[in-house]
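Encoded as structure tokens, the structure appears first; notes follow it.
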Amino acid sequence: MKIGVAGGGPAGLFFAALSTDGGHQVSVSERNPRGATYGWGVVFSEGTLGELARIDPEVHRVIDDRAVRWSAIEVRVSGRVVHSTGHGFSAISRRSLLEVLQEVCTRRSVELRFEDEVEPTDPFPGADLVVAADGVRSRIRTLHRDAFRPELRPHSTRYVWYGTTLPLDAFTFVFEDTPAGLMQVHAYPFDHANSTFIVECTEEVWRGNGLDRMDEEESLSFCEKVFADVLDGHRLLSNRSEWLQFATLRCRTWHHGRVALVGDAAHTAHFSIGSGTKLAMEDAASLCRALGEHPDDLAAAFADYEAERMPAVDRFQQAALESSRYFEEVARYLHLDPVRFTYNLLTRSGRVAHSAMVQRDPALTVAASRSLAEGHAGTIVAAPPHLSPFTSRSVRIPNRVALAAPGHAPADLEALAGAGAGLCLTHEVAVSAEGRISPDSPVLDEVSVEAWRAAVDAVHRAGSLAGIVLSHAGRRAATRPRARGSDISLGDEAWPLVAASPLAFTRRGRVPAEIDEEGMTRIRQAFAEAAAHAAKSGFDLVSVDLGGGYLLGGFLSPLSNIRTDRYGGDMSNRLRFPLDVVEAVRAGWRDDRPMAVRLTVTDWHQSGISLDESVTAAVGLRQAGTDLIEVAGGGALPDAAPDYRRLYLAGHADRIKHEARVPVMARGAITTFDQIDTLVAADRADLCLLDPWRYRRTFIL
């Protein structure tokens, strides 16, 4: 096969080197002169180098000979320096990497053409295959954008890629305050005398410091002054180092006709997880393998290539987005102790869990866990974070794991006894008959107190605490039991519905009446009375349901609240009635016991409640006496499109906790104790609601 490769970066050169094993005639065209490169260092994890050794031992051997290695990460924050060990990195200068790959290509009879710009309308005439490795601004991809359907998502920060003569011995993160706000550095060695030094900041800090008006030399001088302590007299080095805005690239497909995309031409991942070159070289290896397995069927080879690489790249891009968001919002974590801050940073992307941190750096991990223990000052051996206690008001929850009952009745709560959770929560319990979801939904009233007390006593005897979720179903009331279908009206047997606005929940649902002031007073009183009944039942925590698209959550969402009075409009108005109810519950509940709120912070809809609005709501709820917010999502619309991935609400909980400064319970596909350990030790959550499906046989009777 005759193959033309557009782009002489790591992806294009590695593909060319590998493809000669198939006896193909390969040529590479690179627009820049030989020896020209505009980066500094390339970093690899030990795992990546091990995979490279399997794919091409010769390339691995040469890179391994030239690479520098280190195992430490150093974090400089708040005047402190925290070291973490056991991570395992290697790095090589980008120039050296290209030289290595060029030498291998030459030995394998690849034709290398420099200062040769291919024509995208007809690249490599007569070639059977064209590999577009021409970077994020790929001219070939751009010409065929209707086929590849690229999507570029700009990030909100600005960054500049410098080198420095400072010989680092660790992957170094530096956080420095400036007159306009926080600036940070991602730095690492790439040989024994020089290091990569990436400076990053938000758009506001970039403009506030006047960097948008500085030229290349002025920007460099400014950054040298800001980071003078860490540079310790060394200089920053510029190589066309301009302030840039990173963009994450995704393409609907990576092939079209005889053209295949690899590396940055197909996708990008934020530099903060250091995987761009790794992903590009893995693309090259995957495409070569697919061509070898389908030598006479290009379409089949492309299909195999995409099937293997797209899911892998998607996982890295998701981790990179989590990592980039961390650095966009890192200022919110500066109040943490430097050790917890470092642990939080190292677990930011979700790729490194607590169990991995225990293996890599047990000292740092124990130090992060120790602060969770009561009387931790003298603690040498710390319990796993999920087994550490959590105290709110006078209530001590024995561990950080929460479980929700499998059904609504007292017997369902009792079924959780012995499961080992620190907190066992009821399903939604109605505060009045009209607030029931279905006819078999329980109501917390004077009659039901004894049944609930028996269930709570069983939970207490097993060593757990019990919490009740008080709710009013609003426009989702008067439906058939959920076992017979979700949100199916009872028809003629239904009772009257009330809601924030006269909007049916489903297309075939009944239209509720818009609740008036008299109705609000009645429901507010019902919640207060239910709180008093919860106290008589012996519950340790009461939670007010402001989620799920039910009555109170319906007031918060602009999708279900279209009122024009003082209870509609902006968040301060939409929060008014739910806040009145929360205050009434606080007054009817015991002062010495915590009150929680289940708060929907996203409707999974572009016109729904925003996370900024949810932070505002959380601040108001905290001020009204809320001790804990259970961060929930969805429910305002039956056809919302949630992103049901692993820990899909953990990031939302993190933001509510640190911006509203209120303890949170995280939920959303949390399935392992390792995940809970990671969230709690990193101070992203205080409690976690464990998804019960994995463990249901251990506690459901």
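The values are calculated or read from the model by the stated rules, or taken from the named source; none is laboratory data. Just so we're clear, the structure is a prediction, and the values are computed from it rather than from any experiment. For neighbour counting, all protein chains shown are included, and Cβ atoms are generated from backbone atoms with ideal geometry for every residue, glycine included. Ligands, DNA and RNA are stripped out before the accessible areas are found, and what is left, the full protein with its side chains, is counted by its heavy atoms. Shrake-Rupley method; radii C 1.70, N 1.55, O 1.52, S 1.80 Å.
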Heavy atoms of R207 accessible to a 1.4 Å probe, total area in Å² rounded to 10: 110
Charged-residue dipole, Cβ positions (Lys, Arg, Asp, Glu), the chain about Cα centre, Debye nearest 20: 1040
Dipole magnitude of region 5-57, debye to nearest 20 (Cβ charges: Lys/Arg +1, Asp/Glu -1, about Cα centre): 220
From phi via Karplus (6.51, -1.76, 1.60), per-residue ³J(HN,Hα) for region 605-610 in Hz, x at Gly/Pro: 8, 5, 9, x, 5, 8
Residue-span extension gain [A433 to R207] - 0.36 nm each, minus C-alpha spacing: 75.6 nm
Region 594-701: C-alpha gyration tensor shape, a/c 1.5 cut-off, then a/b vs b/c: oblate
Between helix 298-328 and the chain: long-axis angle, C-alpha atoms, 0 to 90°, nearest 10: 60
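Count neighbours as other Cβ atoms within 10 Å of each site's Cβ, and list the trypsin sites (Lys or Arg not before Pro) in region 454-520 that are DSSP loop with at most 15 such neighbours.
R507, R508
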Which of R95, R480 is most accessible, then next, and so on - probe 1.4 Å: R95, R480
MRE, 222 nm, helices only [DSSP H, n ≥ 4, -39500 (n - 2.57), over the chain, to nearest 500]: -10500 deg cm²/dmol
Among beta bridges that DSSP assigns inside region 1-83, antiparallel share in %, nearest 5: 45
Karplus 3J(HN,Hα) series, Hz, for region 335-349 with 6.51 cos²θ - 1.76 cosθ + 1.60 (x for Gly, Pro): 6, 6, 4, x, 5, 5, 4, 5, 4, 4, 5, 5, 9, 4, 8
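Based only on Cα atoms, what mean projected area does the convex hull of region 556-601 have, in nm²?
On the way: hull surface 14.7 nm².
Its average projected convex-hull area is 3.7 nm².
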Region 74-208: C-alpha gyration tensor shape, a/c 1.5 cut-off, then a/b vs b/c: oblate
Dipole of the chain [Lys/Arg +1, Asp/Glu -1 at C-beta], most positive-end residue of P385, T37, G4: P385
Rounded accessible area of K536 (nearest 10 Å², 1.4 Å probe): 100
Anisotropy class of region 1-143 from Cα gyration tensor, a/c 1.5 cut: prolate
Largest-first ordering by accessible area, 1.4 Å probe, given options H658, H192, H144: H192, H144, H658
Selected from V544, G509, M520, residue furthest toward positive end of dipole (region 507-555; charges at beta carbon): G509
List D229, D683, ordered by accessible area with a 1.4 Å probe, largest first: D229, D683
Accessible area of the chain belonging to carbon and sulfur atoms, whole % at 1.4 Å probe: 49
Phi to ³J(HN,Hα) by Karplus 6.51 cos²θ - 1.76 cosθ + 1.60 over region 59-69, Hz, x for Gly, Pro: 4, 4, 4, 5, 5, 4, 5, 9, 7, 9, 10
Beta bridge orientation in the chain: antiparallel %, DSSP, nearest 5: 50
Reach of K2 by Cα under 27 Å, taken over lysines that are not fewer than 8 positions away in the same chain: K278
Farthest toward positive dipole pole in the chain [+1 Lys/Arg, -1 Asp/Glu at C-beta], among F14, A653, G79: A653
With DNA, RNA and ligands ignored, accessible area of M595 (1.4 Å probe; Å², nearest 10): 0
Solvent exposure of region 199-303 as accessible area per residue, Å², 1.4 Å probe: 43
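Over the Cα atoms of region 330-401, compute the convex hull volume and normalise it per residue, giving Å³.
Expressed per residue, the convex hull around the Cα atoms of region 330-401 is 112 Å³.
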Computed label-point distance, nm, for sites A180 and R252 using a 7 Å Cα→Cβ extension: 3.9
Taking the chain and dividing mean pair separation by its residue count, relative contact order in percent (alpha carbons under 8 Å, at least six apart): 10
Size of electric dipole in region 416-569: Cβ of Lys, Arg +1 and of Asp, Glu -1, about Cα centre, debye, nearest 20: 500
